[in-house]
Amino acid sequence: MFLSGIDIGGTSIKFGIFYEKLNLLQQWSRPTPKEPAEAAALIAAQLEPYHVAAIGAGAPGTLNAARETITADNLAWVDVPLAALLRRASGLPAVVINDGHAAMLAEMRSGALQNVQTGILLTLGTGIGGGIVINGQCWRSPTGLAPELGHIITHSDGLPCPCGQCGCFEQYASAPVLIRMAGGESPADLIARARSGNAAAQAVFAQYVHELCTGIVSLNSIFAPEVVALGGGISEAGDFLLDACHTTLARLHANPQPTLRLAAHRNTAGIIGGVIASLKLGVTMH
Ligand code: BGC
């Protein structure tokens with residue numbers, strides 16, 4: 001019997017099939033349909049040949065635990081009962097969690113946050129997601145609504161966010177923002193130019209890192225995490241990003257200075273977190 005881990009993203013849905021002890025057998029992706037019901041039908045159809053025991057999915061939005069719905073601004077999904085849609089389409093037990101939460105579960109099991117008592121994960125992608133470890137446990141509010149680390153305010157009366165607030169962290173430090181700051185250049189190209197000493201590219205990257213570290217300093221003041229792990233597309237910059245953040249955090253007087261780490265799971269964090277969540281459904285693997 002197999003289990004599945006699903007990572008629903010703004011452009012594609014990643015599928016993972018797992019066997020015993022969460023070994024990844026196979027993974028693939030398909031474009032994300034616009035309508036939630038179509039997404040659920042696609043997921044059910046893709047998984048059908050594998051006879052999986054359950055579906056565990058991470059999605060890029062805020063959960064409402066009481067109503068079992070998700071609101072994902074980047075997908076224009078409002079209050080969508082995604083778990084119910086998945087159950088109806090597949091006939092299987094299904095659970096939906098926030099994508100940052102999923103990545104966090106993966107990092108806690110075997111990654112940058114393994115054996116960490118107090119830690120933060122920030123996923124730097126289309127939005128900013130992530131999670132919080134307290135006393136070695138992943139912390140979520142009982143409502144499911146928090147943490148939403150991309151929506152802490154880093155600029156008072158700042159840019160409007162689709163969530164309704166103004167000045168949210170992700171309006172200043174997500175991947176699309178870096179692309180905009182770089183005049184449309186991809187983060188990979190910008191970072192390559194910055195690494196090779198181009199002064200203009202270095203200035204743009206430094207400004208981005210300043211915005212990122214502004215958010216980290218606030219989180220640091222609340223949690224004093226042993227580790228802040230950075231994941232998502234921007235973390236592909238590797239040590240170049242960590243070094244820049246260390247310097248900037250010192251300049252911003254972050255106290256204490258957190259240890260920064262790169263997330264260990266890149267493309268597979270979401271599907272691993274999804275399958276871990278599905279284990280809570282009481283399914284067993286044979
Ligand atoms: C959403 C979060 C999500 C994050 C990463 C944000 O825009 O509000 O729920 O975790 O993007 O996808």
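The single condition among (1) without any contact (Cβ under 8 Å) to a residue 60 or more places away in the chain; (2) within 12 Å of the ligand (Cβ to nearest atom) that Val80 does not meet is (2). Of all the listed residues (Gly10, Gly5), the sole one being within 16 Å of Ile271 (Cα to Cα) and surrounded by 24 or more Cβ atoms within 10 Å (Cβ to Cβ) is Gly5. Put simply, of Arg88, Arg67 the only residue that is more than 24 Å from Thr123 (Cα to Cα) and within 16 Å of the ligand (Cβ to nearest atom) is Arg67. Give Ala53, Ala102 a once-over and let me know the one that is modelled with pLDDT of 95 or more and more than 13 Å from the ligand (Cβ to nearest atom). Every option except Ala53 fails the conditions.
From the list Leu219, Leu249, Leu241, Leu212, which residue is in contact with a Cys (Cβ under 8 Å, 6 or more places away or on another chain), surrounded by 19 or more Cβ atoms within 10 Å (Cβ to Cβ) and within 23 Å of His101 (Cα to Cα)?
On the way: Leu219 fails: in contact with a Cys (Cβ under 8 Å, 6 or more places away or on another chain); Leu249 fails: within 23 Å of His101 (Cα to Cα); Leu241 fails: in contact with a Cys (Cβ under 8 Å, 6 or more places away or on another chain).
That would be Leu212, the only listed residue that is in contact with a Cys (Cβ under 8 Å, 6 or more places away or on another chain), surrounded by 19 or more Cβ atoms within 10 Å (Cβ to Cβ) and within 23 Å of His101 (Cα to Cα).
Being part of a loop (DSSP other than H, G, I, E, B) and surrounded by fewer than 18 Cβ atoms within 10 Å (Cβ to Cβ) is the filter here; which residues of the range 112-151 pass it? Give the derivation first.
Quick first cut of the range 112-151, residues part of a loop (DSSP other than H, G, I, E, B) only: 112-118, 125-127, 135-136, 140-148.
Within the range 112-151, Gln114, Asn115, Gln117, Thr118, Asn135, Gly136, Ser141, Pro142, Thr143, Leu145, Ala146 qualify.
Among the residues of the range 7-21, none is identified as of a type in the set (Phe, Trp, Tyr) and within 12 Å of the ligand (Cβ to nearest atom).
Among the residues of the range 220-235, what is the count of those that are part of a helix (DSSP H, G or I), of a type outside the set (S, T, N, Q) and away from the ligand (no atom under 16 Å from the Cβ)? Before the answer, list the steps.
At the first step, the residues of the range 220-235 found to be part of a helix (DSSP H, G or I) are 220-223, 233-235.
From the residues that got through so far, the ones that are of a type outside the set (S, T, N, Q) too are 222-223, 233-234.
From the residues that got through so far, the ones that are away from the ligand (no atom under 16 Å from the Cβ) too are 222-223.
Number of matching residues: 2.
Might you let me know whether the range 203-219 holds any residue that is in contact with a Pro (Cβ under 9 Å, 6 or more places away or on another chain), within 20 Å of Gly127 (Cβ to Cβ), in a helix (DSSP H, G or I) and within 16 Å of the ligand (Cβ to nearest atom)? Yes: the range 203-219 contains one or more residues that are in contact with a Pro (Cβ under 9 Å, 6 or more places away or on another chain), within 20 Å of Gly127 (Cβ to Cβ), in a helix (DSSP H, G or I) and within 16 Å of the ligand (Cβ to nearest atom).
The values are calculated or read from the model by the stated rules, or taken from the named source; none is laboratory data. Not measured: the values here are computed from a predicted model. Virtual Cβ from ideal backbone geometry, glycine too; neighbours counted across all protein chains shown.
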